[in-house]
Amino acid sequence: MSSHSPTVEEAMAADHVAPDLSHLTPEEKEHQEKMWKEELAQIEDEIVTLRTVLSSKMRRSAELKRNLGITFLKEVSDDINQGIKNVKESNVYQTVENKVEQVAKAVTEAPLYQKTSSVIGGLTSNLSNKIGQMRHSESFKSFEEKVGSAYENVKGKVVSRSSSQQSVNEEARSRSGSVATSPSIPEEKPLA
């Protein structure tokens, strides 16, 4: 029997397939299983001990953080900021950033881009020229005059209504000697 310690690959393979013990005698098989059970018990005891120690350390860590005023939100924020810093400092990020700058420069310097921007500039100047010409056309002036006269008519009616309302109120005040009030019910007559 060899005291060969399994490699990581062998341990992973052991998780998927039980070892073949068919070549061992029943006594050797029993002895191997007994050794595995003892090792398993020892490892499980170590796991319990490590969990206890870890739990104790985590409590102490939390206590120290509280004393220092370190909050969960601050820790998360610091972790995110550090992650962003690490990404920005990475070679991949730097390479991508350089490539994006090169592509942007190539696009703006390309003849097609320059032609497109000059065409768009020409379109906007042509559009503003057309609008200027349209404002000086007879049909636009006629439309503008109609809108202006309609506005003046509405304004005149609103002003005349408000002035006629004021004159009604003034006439009512002058007749009663005070502000117009709602008609009163004589006290002699009962309300029925």
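In segment 19-44, the residues that are surrounded by 10 or more Cβ atoms within 10 Å (Cβ to Cβ) and of a type in the set (K, R) reach residues that are at pLDDT below 90 and not in a helix (DSSP H, G or I) with C-beta atoms within less than 8 angstrom, at least six apart or across chains, in these pairs: K29/L21. Just one of the listed residues (K74, K37) is of a type in the set (K, R), closer than 30 Å to S22 by Cα and part of a helix (DSSP H, G or I), namely K37. Against the test of being open to solvent by less than 80 Å² (accessible area, probe 1.4 Å), part of a helix (DSSP H, G or I) and at pLDDT below 65, the options S164, S118 yield a single qualifying residue, S164.
Being at pLDDT 80 or above, surrounded by 10 or more Cβ atoms within 10 Å (Cβ to Cβ) and among the acidic types (D, E) is not true of E89. Selection of first residues in segment 139-150 that are part of a helix (DSSP H, G or I) and of second residues that are at pLDDT 70 or above, restricted to Cβ pairs under 7 Å at least 6 apart or on distinct chains, gives the following pairs, ordered by first then second residue: F140/M134.
The values are calculated or read from the model by the stated rules, or taken from the named source; none is laboratory data. Remember, predicted model here, so these are calculated numbers, not experimental data. Here the Cβ is made from the backbone with ideal geometry for all residues, glycine too, and neighbour counts use every protein chain on show. Side chains are part of the model used for accessible areas, which takes the heavy atoms of the whole protein and leaves out ligands, DNA and RNA. Shrake-Rupley method; radii C 1.70, N 1.55, O 1.52, S 1.80 Å.
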